[in-house]
Every structure is written in structure tokens, then in C-alpha cells.
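Each reported figure results from applying straightforward, stated rules to the coordinates on display, with no laboratory input. Predicted model, so just to flag it, every value in this text is computed and none were measured. Because the Cβ atoms are built from the backbone with ideal geometry, glycine has one as well, and the counts that use them run over all protein chains shown.
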Amino acid sequence: MMLLHYIFLMGISVEAISGAIAAGRKRMDFFGVMFIGCITGLGGGTVRDVLFNTHPITWVAHPHYLLYTSGAALLTICIPAQLTRATKLFLVLDALGLAAFTIIGTQRLLIYGMPEVVAIMGGLVTGISGGMLRDILCNDIPIVLRSELYAVIALGGSVLYVALEHVQVTPSWNIFITVLAIFLVRLMAIWRHIEIPKFDYAESSMRTRKRGRKQAPLPSDE
Amino acid sequence: MMLLHYIFLMGISVEAISGAIAAGRKRMDFFGVMFIGCITGLGGGTVRDVLFNTHPITWVAHPHYLLYTSGAALLTICIPAQLTRATKLFLVLDALGLAAFTIIGTQRLLIYGMPEVVAIMGGLVTGISGGMLRDILCNDIPIVLRSELYAVIALGGSVLYVALEHVQVTPSWNIFITVLAIFLVRLMAIWRHIEIPKFDYAESSMRTRKRGRKQAPLPSDE
Amino acid sequence: MMLLHYIFLMGISVEAISGAIAAGRKRMDFFGVMFIGCITGLGGGTVRDVLFNTHPITWVAHPHYLLYTSGAALLTICIPAQLTRATKLFLVLDALGLAAFTIIGTQRLLIYGMPEVVAIMGGLVTGISGGMLRDILCNDIPIVLRSELYAVIALGGSVLYVALEHVQVTPSWNIFITVLAIFLVRLMAIWRHIEIPKFDYAESSMRTRKRGRKQAPLPSDE
């Protein structure tokens, strides 16, 4: 489906903008902003191809993708306020991008003959690794691990794709259904502020401690 | 040796628990906790297989390993206080896991025909990378680089394995001896609080400065 | 050119010293210092070989390179003040190292038959990734993304190499010209304090906001 490819190009550009904004928050220089932009947009596929040995990685096979991501980063430098004002549009496009990344990642590993469980992991990795690399390079804890219903939607969409392929749904329909499903669920999660429960180790071990016995510190306590 | 495999499974689970606890300290959500658990348990082998091109990586060949690590992370969410109370047992199991990781990593590279020095590096990488990835994702400096006699024991155990293979010790005996050696030395290091000296750049360059001449700031000073 | 190889060996050693100093600033132990030293010196080539699948990675093919980097790190532990005093020499050698890394990286990918754009990216990656890994492991934002004219010089040198090869300049002359060009431009950037403009997202979006309308927070705002 050609449409999926266009959504993908839009997706890497939107991701690159989110990377450029994060870099600008840390006052990086123009090179840093473009670098983080490219890593955020194309890092997901890169991590996937390195982990699963599905070389060549995307932007080596198609170096012009780098023009989209660095162009989007440059645009962010030029008109930051306008982009900031378009927050809602941005979230919608990002949701669409997540859908495209996940399904393209899952597909790719299936085409390479990987087992279905592995293909599902590949979809997840493609969907979330770009943003994780952005946060690591910006010295933050990856936001995808802390809040928002994001990764689990990618995981669910990937499972759905594999399941539908299992019951012989044609690829075009499968892509259409799963991309739409990821997109809509993600939008709903944003609008309803649905999040996954958090695990607060200090608090939850404390709570039980009250009822409990004497306590030794954990090994990795510094 | 089948036993080594069981120790390995125990090892990835224990490592996953340590990852889940670290994630809980940073108040990650349930997905983040399971993700960090899996990365901590299986990251060492993953980094090794990516670096040394010994694909497929462990959990691609055996996706059910992900059940152990994510199961262990889930367990940590459910009974954090009980796990915290079992600190001593935890340290003992972690020492055993380190031994298994290191020897399995060394073995694997030897089987792939890598030179012995490279196999030793592979053992080290397998032993310490999971915890390093955990700390990077949790936005901490990797503890293995800062304190505790841990990495050097892995390195020593790996050297011992290669040396014993050199003098024709049978694989079973070699595994038995080296796993035991790493395990016991690690336990001793914990109990006697043996650590490697630290390099305090500010202090040690200051000390000499006193006796010294005028001083220019270093390039990477911010 | 044999000379390029010697500059390379000098380069990984100088990089290792910069890694060891960074590790010492974070009070890592001796193992951590040597580990960071090796990663800083050899990480650039490692990231390149993993990304572009040009295995075996440098230090697997030539494990004795690890002696240079860990030796340089040990030296830093022994005589930190003397090294600190040699700041200017250090900067000159580092500039020479950057030149060697970049050109060797570019060359390697061309030899592997990669498209020219990809080879240019390979030169950049080889030049900057070691320092980036050092900063990530030390829990800092990579300095190469924040300040100093460094990465762009590597990029420019890599482009120059590819361009000269295009017009049939012999490899020896090409290496000589491009290494010298990178070296001199880098020295000039240091002496004249030339930097790339920075992108301050908070400030630049604020400035336009003044003239603007109501404002919604960005998605990844925590």
C-alpha cells in the first residue's frame, strides 16, 4: 500500500520535530538539533534492523529519508512557535506515525521469516525506540517507560496484525484495519488521559513494611 | 551441561527483578517496569550478539525467555516488600547468575571461532551489559563502573575458562570450576566489601597541582 | 598510508585519555575508567561497524588496540595532573585524531561498496560516536551536540574526501589533503572559539508567543 509509505514519511518528519523540540529544550546547537531529529525519526527502524540483523538499515537503503528528518528539524528551528501552537494536530499526526511504524516493523520481520512473537517485538521496537534514543541523548528517562498509553498500543496493534494475517486477511485490509485501530486507540488514550498504573517501589515496599519485620537495604542502593 | 542452563534461567529472572526494582524507584509504569526487567535480564546477551555479530540474538532464538524476565518483573510489582526482605538470597542468586552469564558468553564466542581475547571480552560484555543498560535507561551512571568488585570478577572468570580450555580441561569440568570460582569470589567480595580503588580526577589532579605550576582548564570543561 | 594508521593509534589513545578524565570526574573506579577509556577510543568505529554491518568490528579484528586505549586510561590514573597541564597539546592531538577517524570511517564504507552519502554518514559516525558514548555513560548530554564546531567539521571533511575521490584524486593525496583540512579547520575553530548557533526552544517559542495567541503545552511536557 502506497498510502502506508506516505504515512511513514509523515511519521518520521513528525518524530523529527518532536526530537528537535526536545533538543531545543536542552539548548543544543543546530547540529545537535538536526542529529536528534534524525535519530528520533529513524532510530526506531535502525534499532530494529540492528537487533534483528535485517540489514541494510532503512536510511542506508534510502538515504533521502535523512532529508525529511533533518528538514523537519530545520523547520522546527525556523518556526518553533507555530509548531508549538499546532499541538493538537501534532498529536494526531504522531498517533498516525506510531501506527505506521509499528505495522511496517512487524511486516518487515515477517517478510524476513521471523517467528510471529519476534515480529511482534519488532513492531514494538520500531514504534518506541526512536523516542527512547531521543530521551537518552537528552539525558532524560524515556517518557514511554514512565507515562502515557503508547507502547502497549503499539504492542497490541502488532499482535492484531499477526493475528489477522493468521486468519488469512489480505495484507491491504490488514494494514488498513491495524493502522486505523492503533490510530484510534491512541487518540482515545490521549483524549481520555488513559495511563498505565505506575509502580512506585519506595511506596509499595514501605506500605508492606509497616506490617512487616526488620528491613535490610537492597544491594544496588548507593 | 543442563545445570548451566537452569542457572541461566534463574539468572535472567533475578536480573529482571533488579531491573524492575530500579524501574520502580524511578516510578515507571507497569510497561516500563517489564521493559526494564527484560532489558536487564537479556540485554547482556543482546549486546554481545550485536557487537560480535553472533545472530540470532538469544531471545530471538528463544522468545520464551521473555516470559521469565517479564514474569519476574510482574512478580516484583506484586510482592516488592517480600523481595526486598530477601536481599541476601538475592545477592547469592545474582552472583550465580553473573557466573552463568559470563561463562555462557565466553563459550558462545569460542564456539563461533572467535580469538580467545575476543571471547574473554564477550564474557565480560555478557556479564555486565544488562545492568549497564538498566542504569542508562534509568538515567543513572552504571553502578558497575563506579563501585563493587563485579566486572573484574567476570573478566577473571572468563580468562580462567579460556586458560582451562587451553590445557584441555573437559568442557563440563571447565564450566563447573569457573562458575564455582566466579560465584565464590563474588560472594567473598560482597561479604568483605572488597572494592576497586576509585579515580577521583578533581582530587588527584589538585593534589599534584599544589606542588605544580599554573593551570589551564581542560577542553571538555563546560 | 602507514602514517594514517599511526595517527589513528595516537587518536584512540588521546580519546581514551579524554574518556578516563571524564570517568575520573564522576569518581568511577579503576575498572570504570579503563572501560570508559576503551569505549571512548574505540566506540566510534564500533558504532559504525554495527550500524553499517561492516563486521568484524575494529577491536575484534585487532584486539591489541584495546592495549592502547586501556594503557592510555591507566596512564591517566597515574599522572592526571601532568596530562591536565598539557591541555594545548591534547587539543592538537585530538584534532588530528578526529581527522584520522573521519577519513578512515569514510574510506571503510566506500571500500565496502556503500553509496557515497552513506559513506559520509559513516565518517561522521566514526568521528563523534566514541565521545557520545562516553558522555551517555557519564550521564551527561553529549557535548558534541551542544557546543563546539566538531561534528560539522567531520561531516565536511567526509564530504571533501568523497568529492576528491569523485574527481579521481589518488587515495594517498586524498587522505593527505582531507586529514590536513579537518585538522586545520578544527584548530582554527578552537583558537577562534567558533561555534554553531544554539536553538533555545523555550526562548525562541516565547519570543514569538509575545506577539501571539493563547498557548497549549506540548505533548511531551511532563
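Structure summary
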read-out	value
Teacher prompt: B:Gln168 distances to equivalent labels in other copies, 7 Å Cα→Cβ, nm	6.2, 6.2
Position A:Thr87, label points 7 Å along Cα→Cβ, spacing to each other copy in nm (shortest first, one decimal)	4.3, 4.4
Inter-copy label distances at C:His55 (7 Å, Cα→Cβ; nm, one decimal)	0.8, 0.8
Normalised alpha carbon radius of gyration of the protein assembly as shown [divisor 2.2 N^0.38 Å]	0.96
Other protein chain Cβ atoms within 10 Å, averaged over every residue that makes up A:68-80	2
B:Gln82/B:Glu195 FRET efficiency (R0 25 Å; Cβ-Cβ; nearest 0.05)	0.30
Average beta carbon contacts from partner chains per residue of C:28-40, 10 Å cutoff	6
Protection proxy ranking, peptides B:37-47, C:82-92, average beta carbon neighbours within 10 Å, highest first	B:37-47, C:82-92
Rounded FRET efficiency, nearest 0.05, which uses the C-beta distance separating A:His166 from B:Leu74 and R0 of 25 Å	0.45
Segment C:104-171 and segment A:8-58: distance between their alpha carbon centers, rounded to Å	17
Neighbour-count ranking [beta-carbon atoms within 10 angstrom, fewest first] of B:Ser205, B:Ser172	B:Ser172, B:Ser205
Computed over segment A:2-196: relative contact order in percent, which uses C-alpha pairs under 8 Å that are six or more apart	24
Kyte-Doolittle at least 0.0, axis length at least 15 Å by Cα - qualifying DSSP helices, chain C	C:2-25, C:30-51, C:65-78, C:87-111, C:116-137, C:151-166, C:171-191
Peptide A:50-61 - average C-beta neighbours from other chains (10 Å radius)	5
Estimated 222 nm signal from helices in the protein assembly as shown, with DSSP H stretches of n ≥ 4 weighted -39500 (n - 2.57), rounded to 500	-24500 deg cm²/dmol
Label point distance in nm, A:Tyr6-A:Ile177, each placed 7 Å from Cα along Cα→Cβ	2.4
Long-range amide H partners of C:Arg146 with built H, under 5 Å	A:Asp29
